[in-house]
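Reading through the structure tokens given below for one structure.
The values are calculated or read from the model by the stated rules, or taken from the named source; none is laboratory data. Everything numeric in this text was worked out from a predicted model, so none of it was measured. Backbone-built Cβ (ideal geometry, glycine too); neighbour counts: all protein chains shown. These area figures cover heavy atoms from the full protein model, side chains too; ligands, DNA and RNA do not enter into them. Shrake-Rupley method; radii C 1.70, N 1.55, O 1.52, S 1.80 Å.
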Amino acid sequence: MGIEIEDKFDVPSDYVVPDLSRLGRVSGPRSHQLVALYYDTPDLRLAARGVTLRRRRGGDDAGWHLKLPRARGVRQEITRPLTRSAKLVPQELAELVRAFTRGAELRPVAELDTRRSVTVVHDGDTKLVEVADDRVKGTVFGEPPRVVRWREVEAELLDGDRALLAKVGKRLRKAGATPSAATSKLARLLGQAPPPAAATEPGSAGEVVVGYLSGQVAALLSEDPRVRRTEEDAVHRMRVAARRLRSALKAFKKIVTGTTQVQDELRWLGTVLGEARDLEVIRARFTGRLAGLAPELVVGPVRDRLGGDLGGRQQQAYDRIREALSGERYYALLDALDVLVTAPELTKRAARPARDELVRAAAANWSRVTEAYDTAQAVEDPGDREIAMHDVRKAAKRARYTAEALRPALGSDMKRLAKLAEAVQEVLGAHQDGVVAQETLAREAEAARLAGEDTFTYGLLVGLERAEAEQAHARFPEVWAATVAGVGKIL
């Protein structure tokens, strides 16, 4: 697996790659013949999302290649060894594109036969940038097959920096190359357009809201393969995307309507992801706590229980995630999200100017925070009041997400509002995290006691967690007063 960073250029048939020796030691050109067979669903679902899956022979990197878009000019590449059969996609790679195929069959859709000439810019023995001059024959399978020929140049970053890649690109353009509009050879061959965008008025509330929703759907989809590979922070990012979507649909229900079922399914997805994420967070928390203790204070197999035992539960949670992400319920949610961003049910308010309509939405969402706070403070029983304060935290998170969604359209006021809401969310979260950690430690300590183990360290950790939770509880009034004063200057 690696990250591919490259710039693509269209060039005429008589193009000459310029001298790059002023940028470093140059080797090449070396020639390769590359034959790649591309796989997709019959309706080209991978191509529509900028995903490529191929089986390539020839060159230095023959094998199966899956490329997932991360940003313009940046793709995550996952490779597997070449297999004998060209009919069956390796199961692991097929699993990684399920969010795009949604169970549809993968089959060969095109072939690219490329005569490649490679020049490399070095610093000593380190390869910095590779320039590939490609003469391409592309065949789209069908009745009859369609054949297209063209020439292009790719400049790929290896161990250099983006500044050097930019210098290489400048020399290529000066010699007559033009930046390519195609994200990949396959996209150029197939001419597959991305999913259609919703029809909204420029500068309208609908344009801002649908644009935000589209970005969060894209974020959710991009994290799906990473979650399946249990990559670092992937579950967290996917869960946040689901939460932001659900929060936006609630916050902007007067602009986009008919989303109750989608909200319910996003809640379900967040729950599916939540177990593994919560275990991930608390394991890291306990690891840090134990690392901060003197060795003589860590008594018994406490690291195994707080690391290995919780790690086993986390792995089981990941297994449940993979099962859910390969099920029809998840596919139905993704289909519904596609409809949400391409053909949303917009109200009349969606056509109104963004600033007029969306400032009201931000104010309404902050009012939910103050209402939740007033409700919690009216509860007499301290324990019940603490439970009610959890609603304040959830309302603050929603207000923060709303403000962040509106920041591109409404500017610095929304940035400040998001920061203020985040301050409330974080101090309440610090208290809640300490309470949850104490509960987890109590369960693990009981298991250790029943196993005849020394529980001294568990008690010490409970004390640390209780102290931190109490500190957060004591800080809250000051944070709340500053937040209310700050919000009053914005809304």
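State which entries of LYS254/LYS489; LYS419/LYS489; LYS253/LYS415; LYS415/LYS489 exceed 18 angstrom in Cα-Cα distance in the structure shown. Mind dumping the intermediate values first?
Details: LYS254/LYS489 25 Å; LYS419/LYS489 14 Å; LYS253/LYS415 22 Å; LYS415/LYS489 13 Å.
Going by Cα-Cα distance, LYS254/LYS489; LYS253/LYS415 fall outside the 18 Å limit.
Which value, in Å², gives the accessible area per residue of the stretch 296-441 when a 1.4 Å probe is used on the protein heavy atoms? Provide the component values of the computation, followed by the final result.
Numbers: 7200 Å² over 146 residues.
Heavy-atom accessible area per residue stands at 49 Å².
Probe radius 1.4 Å, ligands and nucleic acids ignored: give me the carbon and sulfur share of the accessible area of the chain as a rounded percent.
Details: 12130 of 24160 Å².
Accessible surface attributable to carbon and sulfur in the chain totals 50 percent.
Determine by what factor the alpha-carbon radius of gyration of the stretch 269-347 differs from 2.2 N^0.38 Å, reporting the quotient.
On the way: Rg = 19.4 Å, N = 79, 2.2 N^0.38 = 11.6 Å.
Against the empirical 2.2 N^0.38 Å value, I get 1.68 for the stretch 269-347.
Compute the FRET efficiency between ARG146 and SER13 as 1/(1 + (r/R0)^6), taking r as their Cβ-Cβ distance and R0 = 25 Å, and round to the nearest 0.05. Spell out each step's value before the answer.
On the way: r = 20 Å, r/R0 = 0.80.
E(calc), rounded to 0.05, equals 0.80.
Using the basic label-point model (7 angstrom from Cα toward the beta carbon), what is the LYS419 to LEU293 distance in nanometres?
If labels sit at LYS419 and LEU293, their model points lie 3.8 nm apart.
Can you give me the C-alpha center-to-center distance between the stretch 17-81 and the stretch 170-223, rounded to a whole angstrom?
Going from one Cα centre to the other spans 20 Å.
May I ask for the Kirkwood hydrodynamic radius of the chain, worked out over all distinct Cα pairs and given in angstroms to one decimal?
On the way: mean 1/r = 0.0381 Å⁻¹.
26.2 Å is the Kirkwood radius here.
Calculate the dipole size of the stretch 37-175 relative to its Cα centre from +1 charges on Lys and Arg beta carbons and -1 charges on Asp and Glu beta carbons; express the result in debye to the nearest 20. The partial results should precede the final answer.
On the way: 30 positive and 21 negative charges, 91 e Å.
With Lys and Arg at +1 and Asp and Glu at -1, about 440 debye.
Per residue of the chain, what 222 nm ellipticity follows from adding -39500 (n - 2.57) for every DSSP H run with n ≥ 4, rounded to the nearest 500?
Numbers: 14 runs with 263 residues, N = 491.
It comes out at -18500 deg cm²/dmol, rounded to the nearest 500.
What FRET efficiency comes out for ASP233 versus GLU380 if R0 is 51 angstrom and r is the Cβ-Cβ distance? Round to the nearest 0.05.
Values: r = 41 Å, r/R0 = 0.81.
With a Förster radius of 51 Å, E is 0.80.
Answer with one residue from SER117, ALA132, GLY142: the one whose Cα lies farthest towards the positive end of the charge dipole of the stretch 104-144, charges on Cβ with Lys, Arg +1 and Asp, Glu -1.
GLY142
At 7 Å along Cα-to-Cβ for each site, give me the label-to-label distance between ALA430 and ALA218 in nm.
Simple spin-label model gives 3.6 nm for this pair.
Which of the three applies to the stretch 131-220, rounded, prolate or oblate, going by the alpha-carbon gyration tensor with a ≥ b ≥ c and a/c under 1.5 meaning rounded?
Values: a/c = 2.54, a/b = 1.31, b/c = 1.94.
Oblate.
Among THR347, GLY58, LEU450, which residue has its Cα furthest toward the positive end of the charge dipole of the chain, with +1 on Lys/Arg Cβ and -1 on Asp/Glu Cβ?
GLY58
Among residues other than GLY59 whose Cβ falls under 10 Å from its Cβ, what is the net charge (Lys/Arg +1, Asp/Glu -1)? Please report the intermediate quantities before stating the final value.
On the way: positive: ARG30, ARG56, ARG57, ARG116; negative: ASP60, ASP61.
Counting the neighbours of GLY59, the net charge comes to +2.
What does the C-alpha gyration tensor say about the overall shape of the stretch 73-161? Classify as rounded when a/c is under 1.5, otherwise prolate if a/b is larger than b/c, or oblate.
Values: a/c = 2.47, a/b = 1.42, b/c = 1.73.
Oblate.
Taking 8 Å as the Cα distance limit and 6 or more residues as the minimum spacing, I'd like the relative contact order of the stretch 200-299 as a percentage. Walk me through the numbers on the way to the answer.
Details: 60 pairs, mean separation 23.6, N = 100.
With pairs under 8 Å counted, the relative contact order is 24 percent.
Evaluate the relative contact order of the chain (contact order divided by residue number), counting alpha-carbon pairs under 8 angstrom at least 6 apart; express in whole percent.
Relative contact order of the chain: 13 percent.
Hey, could you get me the Stokes-Einstein D for the stretch 1-86, Kirkwood radius over alpha-carbon pairs, 20 °C and 1.002 mPa s, rounded to whole µm² s⁻¹? Could you put the intermediate results ahead of the total?
Values: Rh = 15.4 Å.
Translational diffusion coefficient: 139 µm²/s.
For the chain, with only Lys/Arg (+1) and Asp/Glu (-1) charged at the beta-carbon, what is the dipole magnitude about the Cα centre, in debye rounded to 20? Kindly include the intermediate steps, with their values, before the conclusion.
Details: 79 positive and 71 negative charges, 397 e Å.
For the chain, the charge dipole is close to 1900 debye.
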